[in-house]
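Novice: After the structure tokens below, expect a handful of questions from me.
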Amino acid sequence: MTAYNSTQPANAWHTARREAAVNLYLSGAQGDAGALVGARVAGFPVELYVIPVSDWIDPQELTDAAAAVIQVDADSPASIKRFKRLATSTATPLVAAAYEPPLALVRALLKAGAHDVLPLPLDIVDLEASLMPVHDRRAAPEAPTLPTRAAKLVTVIKSVGGVGATALTTQLAIRFARSEASQGREACLIDLDVQFGDAAFQLGMRPRLTLADLFQAGSRLDGALLRSVTTRHESGLQLIAAPAEMMPLELMASDQLMEIVAAAKREFGTVFVELPTNWTNWTLSLLATSDLILLVTDLGVGSLHRARRQLDLITSQDLDALDIRVVINRFDKSQYRSLGADNVATALGREVAFTVVSDPALMRSATERGVPIDALKRKSQLGKELDLMNAALAGALGLER
Ligand SMILES: Nc1ncnc2c1ncn2[C@@H]1O[C@H](COP(=O)(O)OP(=O)(O)O)[C@@H](O)[C@H]1O
Ligand SMILES: [Mg+2]
């Protein structure tokens, strides 16, 4: 985030976002104006340009802005003229801002086409209230046309750390996103392993913003804000990365997390979430609203046991109607044979839905580069099994391909 810094040259205090912003053209950063830099108002990022009230503003600068706040001084005819000329040359909503504007000036500005006239120093609450209609108007035509039944949640849990849940989730999600993209749909992965999550790393991405930024945004959660935090993988997968710094699990409010997931579903359609190994106060809420749960384990005895305990916990919460599929990752045929298929099913208390072959070299190369494994090896057992899972997922979620 850009901080207000008076040693920087004029008009350098803006954030590097490409989304529509609210441009502030003020002669100084008094009141809340400085604090607004890096903040969001009515869902829009704010860009501050410090320029004298009589300096001309190029209407071109406003073309992509959501709105602009233009300072007008009652005793500067040039500033009034600037506002009026600008109002006739742009379709962007203009808010005039003035110190103690006389009523006559307010009337003149509104008549000239001002969306609103606000007093200076600028107050965030005033600006927010003034711009909400602009936000709503812009949001309306883009409102998700996606029927809610098309929005799906796939939750990945794991028996113990190290079974390969992240490798599997990221590789599966990019395959899934690629297939969805060919149908004109999107997919999103939210890394909710907030302490040890490295999905971004395994996708070869270095996101600037993370889940932590969404939590900080509080209730101002809309599609545009969500998209400003996601990073797009070349497969089309939209990633919301785990926080860069470890976050205490209980610090994440369950209701806020559920809102983030719901918003991601509205915006992207299918959402994958990968949960931390340790259950938290939001694990059950997420599982309960999942359309499909993948429980990743390997064939280790301890791992199978931990998988079983989680399945039992889910059952004890009357959630056994959920679609839970057990995935054995790093599957090794001879190990399976020596354990016995029946014994594995007995240990788990249910059948195994998918197996993913152990191929350390291929999996490692793919996750080190953040590319789908078929970019490294066109035909492989691993690729074939990921394709099967991708197709089974689409089938289970009712997605036509
Ligand atoms: N199918 C597989 N075959 C071989 N190695 C795998 C497979 N899946 C994952 N791995 C490896 O297992 C290790 C742990 O994977 P990771 O995804 O980080 O585990 P988790 O997220 O469950 O803690 C990594 O070195 C990864 O490359
Ligand atoms: Mg992991």
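Novice: Considering every Cα-Cα pair within the stretch 128-244, what fraction, in whole percent, is farther apart than 25 Å?
Specialist: Percentage above 25 Å: 30.
Novice: Percent relative contact order of the stretch 177-294, based on C-alpha pairs within less than 8 angstrom and at least six residues apart?
Specialist: Rounded, it is 38 percent for the stretch 177-294.
Novice: Using a 10 Å cut-off around each Cβ, can you sort I174, I314 from fewest to most neighbouring Cβ atoms?
Specialist: I314, I174
Novice: Cut-off 10 angstrom, C-alpha nodes, Gaussian network model of the chain. Which of V37, V125, V271 fluctuates the most?
Specialist: With Cα springs under 10 Å in the chain, the top fluctuation among V37, V125, V271 is at V125.
Novice: In nm, to one decimal, how far is the modelled label at R227 from the one at D318, with both set 7 Å along Cα→Cβ?
Specialist: Those two pseudo-labels are separated by 4.1 nm.
Novice: How large is ³J(HN,Hα), in whole Hz, for each residue of the stretch 383-394 in order, when computed from phi with the Karplus curve 6.51 cos²θ - 1.76 cosθ + 1.60 and θ = phi - 60°, using x for Gly and Pro?
Specialist: Working through the residues one at a time gives x, 4, 6, 5, 4, 4, 5, 4, 5, 5, 4, 4 Hz.
Novice: Quote the charge dipole size of the stretch 22-142 about the Cα centre in Debye, to the nearest 20; the model charges only the Cβ of Lys and Arg (+1) and of Asp and Glu (-1).
Specialist: Roughly 440 debye, rounded to the nearest 20.
Novice: Right, here's the next one. Using a simple spin-label model with points 7 Å from Cα along the Cα→Cβ vector, what separation in nm is obtained for A392 and R206?
Specialist: Here the answer is 3.7 nm between the modelled labels.
Novice: Quick check: Cα centre of the stretch 293-346 to Cα centre of the stretch 66-128, how many Å?
Specialist: Result: 64 Å between the Cα centres.
Novice: Charges only on Cβ, +1 for Lys and Arg, -1 for Asp and Glu: so what's the dipole of the stretch 166-273 about the Cα centre, in debye to the nearest 20?
Specialist: 420 debye
Novice: Any idea how many Lys pairs in the chain come in under 23 angstrom at the alpha carbon, given 8 or more places apart or on separate chains?
Specialist: Lysine pairs meeting the criterion: 9.
Novice: Further, regarding this structure: Just going by the charge dipole of the chain, with Lys and Arg at +1 and Asp and Glu at -1 on Cβ, which of A114, L294, L48 is farthest out on the positive end?
Specialist: The one lying farthest along the dipole's positive direction is L294.
Novice: If you take the square roots of the eigenvalues of the alpha-carbon gyration tensor of the stretch 249-294 and sort them as a ≥ b ≥ c, do you get rounded (a/c under 1.5), prolate (a/b over b/c) or oblate?
Specialist: In terms of gyration-tensor shape, oblate.
Novice: Right, something else. Go through A200, A375, G184 and say which Cα lies farthest out towards the positive end of the charge dipole of the chain; charges sit on Cβ, +1 for Lys and Arg, -1 for Asp and Glu.
Specialist: After comparing all options, I get A375.
Novice: Taking the Cβ of E180 as the centre, find all other residues whose Cβ is under 12 Å away and add up their charges (Lys, Arg: +1; Asp, Glu: -1).
Specialist: Every neighbour counted, the sum reads +3.
Novice: Hey, how many Å between the Cα centroid of the stretch 177-208 and the Cα centroid of the stretch 247-277?
Specialist: Going from one Cα centre to the other spans 13 Å.
Novice: Note down the Stokes-Einstein diffusion coefficient of the chain in µm²/s, whole number, using a Kirkwood radius over alpha carbon pairs, 10 °C, and 1.306 mPa s.
Specialist: 67 µm²/s
Novice: With +1 on the Cβ of every Lys and Arg and -1 on the Cβ of every Asp and Glu, and nothing else charged, how large is the dipole of the chain about its Cα centre, in debye rounded to the nearest 20?
Specialist: 1180 debye
Novice: Placing +1 on the Cβ of each Lys and Arg and -1 on the Cβ of each Asp and Glu in the chain, which of L388, V37, Y99 has its Cα farthest towards the positive end of the resulting dipole?
Specialist: After comparing all options, I get L388.
Novice: While we're on this one: Sequence gap at least 6, Cα distance under 8 Å: using those rules, report the relative contact order of the chain to the nearest whole percent.
Specialist: 15 percent
Novice: Still on this structure: If I take R0 = 22 Å and measure r between the Cβ atoms of R401 and Q381 in this structure, what FRET efficiency does the formula 1/(1 + (r/R0)^6) give, to the nearest 0.05?
Specialist: Efficiency computed from Cβ-Cβ geometry: 0.45.
Novice: Right, next: Between N329 and residues 5 or more places away or on another chain, which pairs have amide H atoms under 5 Å apart, with H built 1.01 Å from N, and which residues are they?
Specialist: T297, D298, V356
We did not get these values from a lab; they are worked out from the coordinates using the rules stated. Quick caveat: nothing in here was measured; it's all calculated off a predicted structure. Positions of Cβ are generated from backbone atoms using ideal geometry, with glycine treated the same way; all protein chains shown enter the neighbour counts.
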